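Visitor: One structure, as structure tokens, below. Some questions next.
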Amino acid sequence: MSSQPLGLENYQRPQLVAPQGARKVLLHSCCAPCAGEVMLAVQASGIEQTVFFYNPNIHPAEEYMLRKNENKRFCDKQGIPFVDADYDKDNWFERVRGLENEPERGQRCTVCFDMRFERTALYASEQGFSVISSTLGISRWKNMEQINDCGLRAAARHEGVDYWTLNWRKQGGSQRMIELARKEAFYQQEYCGCVYSLRDTNRYRLSRGRDLIKRLVKFYGAEEKNESDRLIVSSRD
Ligand code: SF4
């Protein structure tokens, strides 16, 4: 993929059509860098949206708070409602018990997505949203099929709720996600979220003689001063 900027201000966004032509969507969000571009894409198509932040998988608590606050900061800026759902991490640990050593994109992640989307679909059903989706799918670290399977399964539990399986990476979405993250100087997390992903990413880095993850200190765009031609999203490698 080209690393040439698409031009955030001038880019002609595609007109998106939600399932059943729905005019409002409940958007599960995992973090500001992933959510930013998805939110703007939905907004540009004239579709009303509410961002639903339910991520009990993010540990430790200060990491969770920073990611949540970054997402809320951008929602406030864009005038998009932000729902701050529970941080019921004890339930999360209970659900993934026995899957601690699964690799990223494995069964633990399926359980993790299921839990987050089940809560999203329940809120949608209770609050009158007919369509849900998630920003998780824009990340190249994620398995789109796995995410969509979980989303569809969660939505199917509630009559009248559909999961929108749009691939947010396409039509320039991935590239614009990075450009927007730099422009907004979003916090740049270096692991997926759970303690197991933190452990495994650090193990991987150690095995290659690289520095361990430094949490809470890295923001998109800061590296450009020294490495202007490097795609900073690659820091999780
Ligand atoms: S690696 Fe990410 S998606 Fe998988 S269980 Fe951990 S937080 Fe959830």
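Visitor: What order do you get for W92, W164 when you list them from fewest to most C-beta neighbours inside 10 Å?
Guide: W92, W164
Visitor: How large is the translational diffusion coefficient of the stretch 164-205 in µm² per second when you combine the Kirkwood radius over alpha carbon pairs with Stokes-Einstein at 20 °C and 1.002 mPa s?
Guide: Taking Rh from Cα pairs, D becomes 172 µm²/s.
Visitor: Next up: If I build a Gaussian network model for the chain, linking alpha-carbon pairs within less than 10 angstrom, which residue out of T50, T110, T120 has the largest mean-square fluctuation?
Guide: T110
Visitor: Of all alpha-carbon pairs in the stretch 151-227, indicate the percentage at a distance above 14 angstrom.
Guide: 75
Visitor: Extension gain L216-A61, at 0.36 nm per residue separation less the Cα-Cα distance, in nm? Display every interim value, and only then the final one.
Guide: Working: separation 155, 0.36 × 155 = 55.80 nm, distance 1.13 nm.
Length difference between fully extended and current span is 54.7 nm.
Visitor: Taking neighbour counts of Cβ atoms within 10 Å as a proxy for exposure, in what order, fewest first, do R153, R176 appear?
Guide: R153, R176
Visitor: Could you work out Rg/(2.2 N^0.38 Å) for the stretch 72-126, with Rg from alpha carbons only?
Guide: Here the Cα radius of gyration is 1.41 times the empirical estimate.
Visitor: Averaged across orientations, what area in nm² does the convex hull of the alpha carbons in the stretch 22-179 project? Write down the numbers at each step before the final one.
Guide: Values: hull surface 35.2 nm².
One quarter of the hull surface, i.e. the mean projection, equals 8.8 nm².
Visitor: Could you work out [θ]222 nm for the chain from helices alone, using -39500 (n - 2.57) per DSSP H run of at least four and dividing by all its residues? Round to the nearest 500 deg cm²/dmol.
Guide: -13000 deg cm²/dmol
Visitor: Hand me the GluC sites (Glu not before Pro) from the stretch 65-150 located in a DSSP loop with no more than 10 other Cβ atoms within 10 Å, in residue order please.
Guide: On the way: sites: E70, E94, E100, E104, E118, E126, E145; in loops: E100, E104.
The qualifying sites: there are none.
Visitor: Could you please rank V96, V83, placing first whichever residue has the fewest other Cβ atoms within 10 Å of its Cβ? Intermediate results must be reported in sequence, preceding the final value.
Guide: Numbers: V96 20, V83 17.
Going from sparsest to densest Cβ surroundings: V83, V96.
Each value in this text was obtained by applying a stated rule to the coordinates, not by laboratory testing. Note that the structure is a prediction, hence the values are computed from the model and not measured. Cβ: placed from backbone, ideal geometry, glycine included. Neighbour counts: every protein chain shown.
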